[in-house]
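Student: Here it is, the structure, as structure tokens.
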Amino acid sequence: MANNNISIIIPAKNEAQYIARTLAQFHEYLERLDLEVIVSDANSTDATAEIVLGYAAESNQRIHLVQSAGKQNIAIGRNAGAAQAKGDILLHIDADVLIMEPEKFFEQIRLKFENPAVLAATVPLWIYPEKSGLADKLFHLFMNTVIRLSFLFRVFLAKGECQIVRRAAFECIGGYNEELVAGEDCNLFYRLGKTGRIAYLHRLSVHHSPRRFREYGYLKVSMIYLREGLWLLFRKKSYIKEWTVVR
């Protein structure tokens, strides 16, 4: 039976503002919970790489920096990180994601993946508690409800902020579709759902920054998500040619 050791994969592009806090949250759990963290850097021009290397030097070889030449999108970055992973379970998160109650979180993941039929899982997503207002709570409640309902219809609208995937299944379907600029997260779970079970762990959660919502507002972001979802559903490709970075 697999040990269910976990590799945390974080794509990054100019994430100096967030990456230190994201890496710091795993410090006390790396050895104890048998974790590794791989930051897949897409040619950052800020201090992202230097910050990651600083944490890597103190991690007893459990934090790694992966850098790939050439133009990248997030799917390419996620795949590049996964290619270097050693874990049986791949936890894909974004560079601004924080996990509440990490010990409980990783324990529950391991318990869920003891069932060999489970190929992937996700959890509800919320805004950082200290930055979360009423609009943030209401939008994310609605979004989490839609995602959970999508599992009933086997559409799997999972967000890339937290995608937990059995490594063997991930490799079997070829990982994320690198042709997709957006929607690579939902596309991955949709393809995985055709081959096995995907779980929604509603008792767990992760939190992320509100930066995109503060920049564009919830209505515009919702329209972008809807447009990309419909384009992917009917045209099998992304509408946008390049994802707009918000820092």
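Student: Identify all residues within region 15-24 that are within 26 Å of Glu184 (Cα to Cα) and either within 17 Å of the chain's Cα centre (by Cα) or without any contact (Cβ under 8 Å) to a residue 40 or more places away in the chain (or both); write none if there are none.
Tutor: The answer is Glu15, Ala16, Tyr18, Ile19, Ala20, Arg21, Thr22, Leu23.
Student: Taking Val118 as the residue in question, decide whether it is of a type in the set (Val, Ile, Thr) and over 17 Å from the mean Cα position of the chain (by Cα). Spell out the reasoning first.
Tutor: Details: of a type in the set (Val, Ile, Thr): yes; over 17 Å from the mean Cα position of the chain (by Cα): yes.
Criteria met by Val118.
Student: Would you tally the residues in region 1-51 being closer than 19 Å to Lys159 by Cβ and of a type in the set (Lys, Arg)?
Tutor: So the count comes out to 1.
Student: Can you confirm whether region 53-65 contains a residue that is more than 16 Å from the chain's Cα centre (by Cα), assigned to a strand (DSSP E or B) and surrounded by fewer than 22 Cβ atoms within 10 Å (Cβ to Cβ)?
Tutor: Scanning region 53-65, I find at least one residue that is more than 16 Å from the chain's Cα centre (by Cα), assigned to a strand (DSSP E or B) and surrounded by fewer than 22 Cβ atoms within 10 Å (Cβ to Cβ), so the answer is yes.
Student: Kindly indicate whether any position in region 27-49 is closer than 24 Å to Glu101 by Cα and touching a Pro at 6+ places or on another chain (Cβ under 7 Å).
Tutor: yes
Student: Look at Gly77 and say whether it is part of a loop (DSSP other than H, G, I, E, B) and either in contact with a helix residue (DSSP H, G or I) (Cβ under 6 Å, 6 or more places away or on another chain) or surrounded by 19 or more Cβ atoms within 10 Å (Cβ to Cβ) (or both).
Tutor: Answer is no for this residue.
Student: Does Phe142 satisfy the criteria of being in a helix (DSSP H, G or I) and in contact (Cβ under 8 Å) with a residue 60 or more places away in the chain?
Tutor: In short, no.
Student: Can I ask one more? Among the residues of region 223-232, is any crowded, with 19+ Cβ neighbours inside 10 Å, at pLDDT below 85 and assigned to a helix (DSSP H, G or I)?
Tutor: At the first step, the residues of region 223-232 found to be crowded, with 19+ Cβ neighbours inside 10 Å are 228, 232.
Then drop every residue that is not at pLDDT below 85, which leaves 228, 232.
Filter once more, keeping what is assigned to a helix (DSSP H, G or I): 228, 232.
Looking for residues that are crowded, with 19+ Cβ neighbours inside 10 Å, at pLDDT below 85 and assigned to a helix (DSSP H, G or I), one finds at least one in region 223-232, hence yes.
Student: Among the residues of region 13-30, is there at least one that is surrounded by fewer than 22 Cβ atoms within 10 Å (Cβ to Cβ) and at positive phi?
Tutor: Yes, the conditions are met somewhere in region 13-30.
Student: Take the residues in region 108-126 that are in a strand (DSSP E or B) and hydrophobic (A, V, I, L, M, F, W, C), then tell me which one is surrounded by the fewest Cβ atoms within 10 Å (Cβ to Cβ). Let's see the steps before the verdict.
Tutor: Taking region 108-126 and keeping what is in a strand (DSSP E or B), we get 118-122, 125-126.
Filter once more, so that each one left must be hydrophobic (A, V, I, L, M, F, W, C): 118-121, 125-126.
Values: Val118: 17, Leu119: 23, Ala120: 25, Ala121: 24, Leu125: 20, Trp126: 20.
Per the stated criteria, the residue is Val118.
Student: Let me ask another. Restricting to region 153-176, name every residue that is over 14 Å from the mean Cα position of the chain (by Cα), of a type in the set (A, V, I, L, M, F, W, C) and under 17 Å from Leu233 (Cα atoms).
Tutor: Phe153, Val155, Phe156
Student: I would also like to ask the following. Name the residue that is modelled with the highest pLDDT, counting only residues in region 178-197 that are in a loop (DSSP other than H, G, I, E, B) and over 17 Å from Ala168 (Cα atoms).
Tutor: Only one residue fits best here, namely Glu178.
Student: Could you go through region 56-79 and let me know if any residue there is of a type in the set (Val, Ile, Thr) and over 30 Å from Arg154 (Cα atoms).
Tutor: Scanning region 56-79, I find at least one residue that is of a type in the set (Val, Ile, Thr) and over 30 Å from Arg154 (Cα atoms), so the answer is yes.
Student: Here's something else I'd like to know. Only one of these conditions is not met by Leu141: (1) at pLDDT 95 or above; (2) surrounded by 13 or more Cβ atoms within 10 Å (Cβ to Cβ). Which number is it?
Tutor: Status for Leu141: all satisfied but (2).
The values are calculated or read from the model by the stated rules, or taken from the named source; none is laboratory data. Computed from a predicted structure; not experimentally measured. Heads up, the Cβs are rebuilt from the backbone with ideal geometry, glycines too, and the neighbour counts pull from every protein chain shown.
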